[in-house]
1. How about segment 188-212: which of its residues are under 20 Å from Tyr78 (Cα atoms), touching a residue at least 60 places away in the same chain (Cβ under 8 Å) and not β-branched (Val, Ile, Thr)?
2. Quickly run through segment 97-128 and pick out the residues that are assigned to a helix (DSSP H, G or I), in contact with a strand residue (DSSP E or B) (Cβ under 9 Å, 6 or more places away or on another chain) and at pLDDT 95 or above.
3. Report the residue count in segment 129-141 for those that are in a strand (DSSP E or B) and surrounded by fewer than 17 Cβ atoms within 10 Å (Cβ to Cβ).
4. Taking segment 261-316, which residues are closer than 17 Å to Ser108 by Cα, at pLDDT 85 or above and assigned to a helix (DSSP H, G or I)?
5. Give just the number: which of (1) touching a helix residue (DSSP H, G or I) at 6+ places or on another chain (Cβ under 7 Å); (2) acidic (Asp, Glu); (3) touching a residue at least 40 places away in the same chain (Cβ under 8 Å) does Glu135 not satisfy?
6. Might you let me know whether segment 149-168 holds any residue that is acidic (Asp, Glu), part of a loop (DSSP other than H, G, I, E, B), at pLDDT 85 or above and touching a Pro at 6+ places or on another chain (Cβ under 8 Å)?
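The values are calculated or read from the model by the stated rules, or taken from the named source; none is laboratory data. Just so we're clear, the structure is a prediction, and the values are computed from it rather than from any experiment. Here Cβ is always computed from backbone atoms with ideal geometry, including for glycine, and neighbour counts include all displayed protein chains.
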Amino acid sequence: MSCKDPTCLQEFKTYISEDIPPYPNPVTFWCSDVAHVTEELGFKGIMEMEHFRPPKCEFSWWDLKIKDEEIRAAEVHYMERVEKQIPKKKRPFLKEFTTSPLFNLEKSRYGNYRFTFPLSEMMQWYKDQNCAGKEPVLRVYETLIYKQEIVYTVLIHSPEYNERFEEYPLFKESECVSLSDNKLTQPLLKGSKWVYYQDGTIIWKAQAICETHEYKFVSQRMRKLKSPQFYVWDQVSLVFHLPNHSKHGGGLKIPRKRLIEALEACDIDEEKNLVGLPGSQPHTERFVEAKRKVDELKRELIKKPERRKGGRRRRR
């Protein structure tokens with residue numbers, strides 16, 4: 001359901017009114033990587049054509065891929081904010097609360113093949129191939145509401161399509177000092193209260209990082225719950241506009257070497273599988289097969305020693 005739906009507000013009120021155990025909220029993540037997961041058919045098409053081009057639509061969807069060090073940095077920032085000072089060394093706690101599918105890097109809801117790239121690299125490719133060298137435009141796209149998930153989507157498109165997408169709010173320059181990184185060269189852009197962008201980094205103020213609540217957070221300390229509880233989680237997705245008829249490209253071409261470097265196999269999350277995979281092959285077998293294919297491609301990157309013409313070189 002899109003946030004434009006008239007029942008959207010009521011859905012939000014329902015989620016907010018739930019009696020949720022205390023947990024760290026909001027938590028700010030500085031996310032530098034994005035990932036695209038696909039099944040075998042999509043994987044083969046990407047590798048053969050060496051580019052991303054959605055076959056049946058003009059939008060390519062990517063999720064944030066949040067690394068352990070980014071979770072730790074978010075934890076430090078959170079404690080600095082709530083304690084109003086540099087926090088004392090404590091046992092790491094945020095990892096116990098990042099239980100939504102977004103943080104599960106071993107499994108996926110969309111397929112067995114995951115491509116991960118720095119967002120800065122993706123933006124540069126998009127700028128060069130789809131924007132004729134001009135800066136891509138970022139807009140606040142629709143907020144999607146599902147039974148247990150809220151998705152904030154960021155639309156990225158060429159300036160050529162400003163008129164088409166003008167109904168969606170632009171990311172605008174912000175002076176929020178607490179979120180800006182002075183080491184970066186570009187200004188901080190605000191899309192919404194929860195999503196910002198700066199120089200190849202998405203800054204996400206996450207409101208709901210847990211799917212499974214096994215702890216509560218009271219007086220900055222974890223307390224084990226008697227039994228796990230399940231609630232809605234939120235996440236951010238990036239949507240690259242890749243129209244087939246664009247005079248500047250219509251796809252996102254990436255060298256084969258970079259595709260292989262960015263590729264990894266992941267298991268299907270059987271409980272949250274959103275892709276109806278054909279056939280009766282078990283999930284475990286699909287994962288083993290995917291890992292075998294990925295490993296074969298990785299071996300391509302291992303340089304083989306070049307043999308000299310005429311066999312071995314003779315010693316003088």
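1. Of all residues in segment 188-212, those under 20 Å from Tyr78 (Cα atoms) come to 188, 190, 192-198, 201-211.
This time we only want the ones that are touching a residue at least 60 places away in the same chain (Cβ under 8 Å), so: 194, 201-211.
Listed by number, the residues that qualify are Trp194, Trp204, Lys205, Ala206, Gln207, Ala208, Cys210, Glu211.
2. The initial filter retains those residues of segment 97-128 that are assigned to a helix (DSSP H, G or I), namely 101-103, 119-128.
Those still in the list that are in contact with a strand residue (DSSP E or B) (Cβ under 9 Å, 6 or more places away or on another chain) too: 101-102, 119-120, 122-123, 125-126.
Within segment 97-128, Leu119, Ser120, Met122, Met123, Trp125, Tyr126 meet the criteria.
3. The initial filter retains those residues of segment 129-141 that are in a strand (DSSP E or B), namely 137-141.
Adding the requirement that they be surrounded by fewer than 17 Cβ atoms within 10 Å (Cβ to Cβ) leaves none.
The qualifying residues number 0.
4. Ala262, Glu285, Arg286, Phe287, Val288, Glu289, Ala290, Lys291, Val294
5. With respect to (1) touching a helix residue (DSSP H, G or I) at 6+ places or on another chain (Cβ under 7 Å); (2) acidic (Asp, Glu); (3) touching a residue at least 40 places away in the same chain (Cβ under 8 Å), Glu135 is out only on (3).
6. The first filter runs over segment 149-168 and keeps only residues acidic (Asp, Glu), leaving 149, 160, 163, 166-167.
Applying the additional criterion that residues be part of a loop (DSSP other than H, G, I, E, B) yields 163, 166-167.
Narrowing the set further to residues that are at pLDDT 85 or above leaves 163, 166-167.
Imposing the further condition that a residue be touching a Pro at 6+ places or on another chain (Cβ under 8 Å) reduces the set to none.
No: zero hits.
Here's the yes/no breakdown for (1) touching an Asp or Glu at 6+ places or on another chain (Cβ under 8 Å); (2) at pLDDT 85 or above; (3) in a loop (DSSP other than H, G, I, E, B); (4) buried (at least 17 other Cβ atoms within 10 Å of the Cβ):
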site: Ile16; (1), (2), (3), (4): no, no, no, no
site: Asp19; (1), (2), (3), (4): no, no, yes, no
site: Trp30; (1), (2), (3), (4): yes, yes, no, yes
site: Val34; (1), (2), (3), (4): yes, yes, no, yes
site: Gly42; (1), (2), (3), (4): no, yes, no, yes
site: Ile46; (1), (2), (3), (4): no, yes, no, yes
site: Cys57; (1), (2), (3), (4): no, yes, yes, no
